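Peer 1: The structure's right below; bear with me while I get my questions together.
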2 protein chains.
Amino acid sequence: MVMVRKAHHIKELTKRQKEVLDFIREMVESRGLPPTIREIGEKFKIASTNGVRAILTALGKKGYIRRQPLVSRGIELVKKTTFDFGQRRAYVAVPLVGKIAAGLPTLAVENIEGSIAVDKSFLPGGDVFSLRVVGDSMKDSGIFDGDYVLARMQSTAEKGDIVVAVIGEEATVKTYIPQKNRVRLEPANPAFQPIVVDTRFSDFRIAGKVIGLLRRM
Amino acid sequence: MVMVRKAHHIKELTKRQKEVLDFIREMVESRGLPPTIREIGEKFKIASTNGVRAILTALGKKGYIRRQPLVSRGIELVKKTTFDFGQRRAYVAVPLVGKIAAGLPTLAVENIEGSIAVDKSFLPGGDVFSLRVVGDSMKDSGIFDGDYVLARMQSTAEKGDIVVAVIGEEATVKTYIPQKNRVRLEPANPAFQPIVVDTRFSDFRIAGKVIGLLRRM
DNA sequence: GATTGTAGTGAACGGATGAGCAGTAAAAAA
DNA sequence: TTTTTTACTGCTCATCCGTTCACTACAATC
């Protein structure tokens, strides 16, 4: 192998190492799983697992991968491909929900219309979904018609939380105020009336708590 | 949770199935690897691999996962709540500006405090920056204290546009209303007074037009 | 009442897999 | 020149892991 003289930075990869690294990336992207040592060997016609091992060890030393010992497929990609600023995913693709199906505790796929990339710093833990707001009933809380609210999936809420509530087939965004055997859903606009539902008889549930908002202007 | 009678869709998950599915998601996100059957069993104190198998088979039938036979950790999440592959970069890193330096037509790097990932669909063409709003002067336009506005860099605006205006060292978000030799910057809150600047003598410029908004709640 | 789906126990089979040792060869670096 | 790094072959070992069979138990549906 003809090696051209290179400036010796510790982070430099050899041709072989880069090939293997690219293959790992490819596998992770296409299959969702890193390859096993033997799968790498097969791909590059390396007969011995120890041959691959040497390359992986080198990649580990140079900081491109992290290995989880004794774990099958335990290869973690550390540095991302071309310019990702070195950071870990700065965003998460949040599903955009169209209809919120009644009764389902989770999001039915049929109702996911798309996704919106949202900066991680805007997200708490847990599953987050987004919903397009229709109507001006929460105008005084700064939630306008056409806005997208971000909501964390949860089935309970505290008094005063702004929630995504589902009544029958309808999803609404309102302020949650629990009362005995009833729930009061308060709008933030004097032109609208509060909704009061009897929790004993009504098909009512909380889909999530509103934790953020996106607006196009 | 009291379960109301449900329409029996094939996609319904049992509590156990959802638990396992959530665990798999958790593992994929935190470790980058799906768990093995035995790892799942360990987590849920299921002694037999066959117990886990039954659950995985059910999840497979219902379309939540896809299994790669004979492959370790060969569990692929089909319906994802949070995920990021599929499309190529659906987002753009928008610079978050701290101070807007006077007189500079472009953003000085020194003043960039960070960046926020924003979905491409929220962005028009051109250079976009974001700015944290201080104060409630635009409350009635749904722009609250602490919100982040997205603005496209431009030095002119039309009557009625909400703009990021710079007067001296101060940056403000207001509605732009041009008048002869003067500019009126109108707040959207009766508690605040409009700002009128004389364009002939004042150190005034438009930094950009507000085209979006992000809020953490 | 019979069937189906769910949720397991327990044991066993065989291939998959990571780790490790001994040794080779060539290129690059010190 | 000597040493280190890279890139392997070939082999062994213990364990990991998915698969499968037999069987139990419960609940809901048909």
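The values are calculated or read from the model by the stated rules, or taken from the named source; none is laboratory data. Fair warning: this is a prediction, and the values are worked out from it, not measured in the lab. All Cβ positions, even for glycine, are placed from backbone atoms using ideal geometry, and neighbour counts span all protein chains on display. Ligands, DNA and RNA are stripped out before the accessible areas are found, and what is left, the full protein with its side chains, is counted by its heavy atoms. Shrake-Rupley method; radii C 1.70, N 1.55, O 1.52, S 1.80 Å.
Peer 1: Would you work out if the stretch B:15-77 is rounded, prolate or oblate? Take a ≥ b ≥ c from the square roots of the eigenvalues of the alpha-carbon gyration tensor; rounded if a/c is under 1.5, else prolate when a/b is larger than b/c, oblate otherwise. Please report the intermediate quantities before stating the final value.
Peer 2: Values: a/c = 1.18, a/b = 1.06, b/c = 1.11.
Rounded, because the longest to shortest axis ratio a/c is under 1.5.
Peer 1: For the stretch A:123-217, rounded, prolate or oblate, judged on the Cα gyration tensor with a ≥ b ≥ c (square roots of eigenvalues), a/c < 1.5 rounded, else prolate if a/b > b/c?
Peer 2: On the way: a/c = 1.86, a/b = 1.26, b/c = 1.48.
It comes out oblate by the Cα gyration axes.
Peer 1: From the label point of A:VAL71, set 7 Å from Cα along Cα→Cβ, how far away are the matching label points in the other copies, in nm, ordered shortest to longest?
Peer 2: From this label point to the equivalent ones elsewhere in the assembly: 1.9 nm.
Peer 1: Can you give the mean number of other chain Cβ atoms that lie within 10 Å of the Cβ atoms in peptide B:147-156?
Peer 2: Values: counts 3, 2, 2, 4, 1, 0, 0, 0, 0, 0.
For peptide B:147-156, the averaged partner shielding equals 1.
Peer 1: Also: What does the highest-first list of B:42-51, B:177-186, B:157-166 look like by mean Cβ count within 10 Å? Please list the in-between numbers first.
Peer 2: Values: B:42-51: 12.7, B:177-186: 14.3, B:157-166: 18.7.
Top to bottom by mean Cβ count within 10 Å: B:157-166, B:177-186, B:42-51.
Peer 1: Taking the Cβ of A:ASP198 as the center, what net charge do the other residues with Cβ under 12 Å away carry, scoring Lys and Arg +1 and Asp and Glu -1? Could the numbers behind the result be given before it?
Peer 2: Values: positive: A:LYS180, A:ARG182, A:ARG184, A:ARG200; negative: A:ASP203.
Its environment carries a net charge of +3.
Peer 1: Checking buried surface per residue: for the stretch A:29-54, which residues lose a minimum of 30 Å² accessible area in the protein assembly relative to the chain alone (1.4 Å probe)?
Peer 2: Listed in order, they are A:GLU29, A:ARG31, A:LEU33.
Peer 1: Roughly speaking, what is the stretch gain from B:GLU29 to B:ARG184, that is 0.36 nm per residue apart minus the C-alpha to C-alpha distance, in nm to one decimal? Don't skip to the answer; put the middle values down first.
Peer 2: On the way: separation 155, 0.36 × 155 = 55.80 nm, distance 5.05 nm.
Stretched fully, the B:GLU29-B:ARG184 segment lengthens by 50.7 nm.
Peer 1: Further question on the same structure: How much accessible area is lost when chains A and B come together, counting both sides, with a 1.4 Å probe, in Å² rounded to the nearest 100?
Peer 2: Details: alone 14200 and 14350 Å², together 24270 Å².
Summed over both sides, the interface buries about 4300 Å².
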